[in-house]
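The values are calculated or read from the model by the stated rules, or taken from the named source; none is laboratory data. Quantities reported herein were computed from a predicted structural model and do not represent experimental measurements. Reconstructed Cβ throughout: ideal geometry from the backbone, glycine too, with neighbour counts over all protein chains shown.
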Amino acid sequence: MKKSLSLWLALVLLLGSALLVWLALQTPQKGAPALQTARLFPGARPVAPFELRDETGQPFTPARLHGQWNLLFFGYTHCPDVCPGTLAKAAQMMKLLEQQGAPLPAVWFISVDPARDSTEKLAEYVHYFHPAFHAATGSDAALQAMSRNLAVVYFLGEKDENGNYEVDHSANLLLIDPQGRFAGIIPPPHRPRAMADDLRKLMESQP
């Protein structure tokens, strides 16, 4: 039964990711730059209102997504592989942009495991990868509403005898434009140099 459930959850995650990639591969935005790994939607989508708390305990709302390009990644600090691997590659991307003297996007790690991920723990976790990274989390209801709006899928697994559990979750990086709109995704595999080149082009085309 547990194996069947895991397979079903994996299928849901795969289909959700495939749908976003399919949407992003449709007619590109008019005037959009040629990109290597980022995929823009035909039209940017509004982000529904939300309120989480960032790694300093301050409110994180859609207003903080305005004025710069943003990368959002949903995960959790106990993640054994996908989350640390993705954040490490995003950190390499940031270093490449810094070396080029380019502006930096805001990178947000959104924890879908608020029971274990306090704001203090999130601060320590993301700053290990890069000092400019941000993190946020909130109530289960707030996270579920935000994830649905952004087509992110995640499922909390069953607890073992020690109370530990894993969380299955989408692996896409979400692109939020300077107007605070959901503009596209960067699907895995995440290639730091290609991501840096794409972000630089996007920031130059829409400062």
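Odds and ends about this structure:
- Check on Ala151, surrounded by 15 or more Cβ atoms within 10 Å (Cβ to Cβ) and on the phi > 0 side of the Ramachandran plot: yes
- Filtered by the rule that a residue be closer than 21 Å to Glu120 by Cα and either touching a residue at least 40 places away in the same chain (Cβ under 8 Å) or β-branched (Val, Ile, Thr) (or both), region 52-63 gives Leu52, Arg53, Asp54, Glu55, Thr56, Gly57, Phe60, Thr61.
- Residue among Ala135, Ala151 that alone is modelled with pLDDT under 95, closer than 28 Å to Pro46 by Cβ and not in a helix (DSSP H, G or I): Ala151
- Restricting attention to region 167-207, the residues that are within 12 Å of the chain's Cα centre (by Cα) and among the hydroxyl-bearing types (Ser, Thr, Tyr) add up to 1.
- If you filter region 126-148 down to residues that are loosely packed, with under 15 Cβ neighbours inside 10 Å and among the polar types (S, T, N, Q), you find that the one that is nearest to Pro114 (Cα to Cα) is Ser139.
- Test result for Gln68, modelled with pLDDT of 95 or more, of a type in the set (S, T, N, Q) and part of a helix (DSSP H, G or I): no
Let's see how each residue does on (1) more than 18 Å from Arg64 (Cβ to Cβ); (2) over 15 Å from the mean Cα position of the chain (by Cα); (3) free of Cβ contacts under 8 Å to residues at least 24 places away in the same chain; (4) in a loop (DSSP other than H, G, I, E, B):
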| site | (1), (2), (3), (4) |
| --- | --- |
| Pro103 | no, yes, no, yes |
| Asp113 | yes, no, no, yes |
| Glu124 | yes, yes, yes, no |
| Gln144 | yes, no, yes, no |
| Asn162 | yes, yes, yes, yes |
| Tyr165 | yes, yes, yes, yes |
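- Hits in region 40-53 (condition: surrounded by 18 or more Cβ atoms within 10 Å (Cβ to Cβ) and either modelled with pLDDT of 95 or more or over 14 Å from Ile176 (Cβ atoms) (or both)): Val47, Phe50, Leu52, Arg53
- Cross-chain or 6+ apart pairs with Cβ under 8 Å, region 77-96 first and more than 15 Å from Asn172 (Cβ to Cβ) and buried (at least 19 other Cβ atoms within 10 Å of the Cβ), then at pLDDT 95 or above and of a type in the set (Ser, Thr, Tyr): Thr77/Ser111; Thr77/Tyr125
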